[in-house]
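Each remark here refers to the structure printed beneath this line.
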Amino acid sequence: MRNPVLVEVLRGALVESRHHGAVAVGDAGGATVFALGDVAAPVYPRSAVKALQALPLIESGAAEKFGFGEEELALACASHGGEPAHVAVAQRMLSRAGLDVAALECGAHWPSHQDSARALARAGTPSALHNNCSGKHAGFLCVACAGGIAHRGYADASHPVQREVRAVLESLTGIGLSEDRCGIDGCSIPTFALPLEALARAFARFGTGQGLAPERAKAAARLRAACAAQPYFVAGTGRFCTEVMKLFGGRVLVKTGAEGVFCGALPERGLGIALKCEDGATRAAEVAMAAVIARLLPLDGDERVALERFERPTLRNWNGIEVGGLRPGAEIAL
């Protein structure tokens, strides 16, 4: 199946580039309510499923044991920018479990937030705390510690924490996760390829609690509330996920993943969303997600105007001159 154009890039009045991809929107019962492209093809969701991967942090009792609030829970769902506040919360999570940065198995990289990276370069070098996945990894470590499980090797697919995470993903998506579709993510944990239609169903369930056991539904609601209350800790300054959740609060949960993947939930509509741009372009995936939100969520005038800058962003050159922009493709736009 040839995937349609999700996003067009304009320079002047002409289309300069096109981003093809697929979109699935579904409900908790498994019905697909909107689809473009091949939504049955498996894709690696990467970081887009971090909120689902954080469910064991609450279900295991670790969040309660270590006294985690909204900041810690939001960071466990995050691909953060490595800003000082992000690093501090990740460090606090580890400290509550009696651990330090040496326990993290995610690797180190420079903050994606440029001001933070420059400040760090003047003072030293990055640690694993600056890794965008350090909150998720701190959550995994806390699950292990709360359960009396040896935490070393927690990133390996055979570790009890990763087996529990895998079981959560299988339960919410309704798909058995096979070894031949298992890869290794950038932060070294397993990532399983799944159809977009199954990911959309999982996020509809996560967003509504429908089809989930009562305790899991409560855990999902708690994570959603934390992300809505503390969206800065899900991404960071100026980032799409943070800004969109600041705009809509608990009405929208969105989470980016590497290689042009996005997942989200619209709880009031009972819907989950999963999309992927074939070429892996995050800029296009953001436009596509904004377009899906605009299509599905009832918006007042101010909300529509505020969302417009994400749905149709302007491109400027190094002199600040407007040279073009991005827009949703004809099949995804309203």
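The values are calculated or read from the model by the stated rules, or taken from the named source; none is laboratory data. The model shown is predicted, which means the values in this text are computed figures rather than measured ones. Cβ atoms come from the backbone with ideal geometry, glycine included; neighbour counts cover every protein chain shown. Side chains included, ligands, DNA and RNA excluded: accessible areas come from the protein's heavy atoms. Shrake-Rupley method; radii C 1.70, N 1.55, O 1.52, S 1.80 Å.
For segment 94-104, 3J(HN,Hα) computed residue by residue from phi via the Karplus equation (6.51, -1.76, 1.60; θ = phi - 60°) reads 5, 4, 4, 9, x, 10, 9, 4, 4, 6, 6 Hz, glycine and proline entered as x. Counting only protein heavy atoms and a 1.4 Å probe, the chain has 40 square angstrom of accessible area per residue. Taking only the Cα atoms of segment 40-109, the radius of gyration and Dmax are 13.3, 43 Å. Taking amide H as placed 1.01 Å from N in the peptide plane, the amide H of Leu315 sits under 5 Å from that of Val323, Gly324, Gly325, Leu326, each at least 5 places away or on another chain.
Taking amide hydrogens as placed 1.01 Å from N in the peptide plane, the amide H of Leu6 sits under 5 Å from those of His19, His20, Gly21, each at least 5 positions away in sequence or on another chain. Database note for the chain: Cys without another Cys beta carbon under 4.7 angstrom, Cys77, Cys142, Cys145, Cys182, Cys227, Cys241, Cys263, Cys277. Distance between the pseudo-spin-label points of Leu14 and Glu170 (7 Å out from Cα toward the beta carbon): 5.4 nm.
Set the Cα radius of gyration of segment 210-303 against 2.2 N^0.38 Å, with N its number of residues, and you get 1.08.
For segment 264-273, 3J(HN,Hα) computed residue by residue from phi via the Karplus equation (6.51, -1.76, 1.60; θ = phi - 60°) reads x, 9, 10, x, 5, 8, x, 10, x, 10 Hz, glycine and proline entered as x. What lysines does Lys276 reach when the alpha-carbon gap must be under 25 Å and sequence neighbours fewer than 8 apart in one chain are set aside? Candidates past the 8-residue exclusion: Lys50, Lys136, Lys246, Lys255. Between the beta carbons of Leu315 and Arg92, assuming R0 = 35 Å, the FRET efficiency works out to 0.35 to the nearest 0.05.
Averaging Cα coordinates gives a centre for segment 59-88 and one for segment 261-334; these two points are 27 Å apart.
Where in segment 200-242 does the amide nitrogen come within less than 18 Å of the point 7 Å from the Cα of Ala35, taken along Cα to Cβ? The answer is 200-205.
Here the chain is treated with +1 on each Lys and Arg Cβ and -1 on each Asp and Glu Cβ, and its dipole about the Cα centre works out to around 220 debye. Taking only protein heavy atoms and a 1.4 Å probe, the accessible area of segment 117-247 is 51% carbon and sulfur.
Here the label points at Val323 and Glu268, each 7 Å from Cα along the C-beta direction, are separated by 3.9 nm in the simple model.
Shape verdict for segment 10-128, please, from the Cα gyration tensor: rounded (a/c under 1.5), prolate (a/b greater than b/c) or oblate. Oblate, because a/c is 1.5 or more while a/b does not exceed b/c. The mean sequence separation of alpha-carbon pairs under 8 Å and at least six residues apart, normalised by the residue count of the chain, gives a relative contact order of 24 percent.
Taking amide hydrogens as placed 1.01 Å from N in the peptide plane, the amide H of Gly260 sits under 5 Å from those of Thr282, each at least 5 positions away in sequence or on another chain.
Shown in residue order for segment 79-89 are the 3J(HN,Hα) couplings computed by the Karplus curve 6.51 cos²θ - 1.76 cosθ + 1.60 at θ = phi - 60°: 10, 7, x, x, 6, x, 5, 5, 4, 5, 5 Hz (x for Gly and Pro). What the Cβ-Cβ distance of Ala123 and Asp279 gives, at R0 = 22 Å and to the nearest 0.05, is a FRET efficiency of 0.05.
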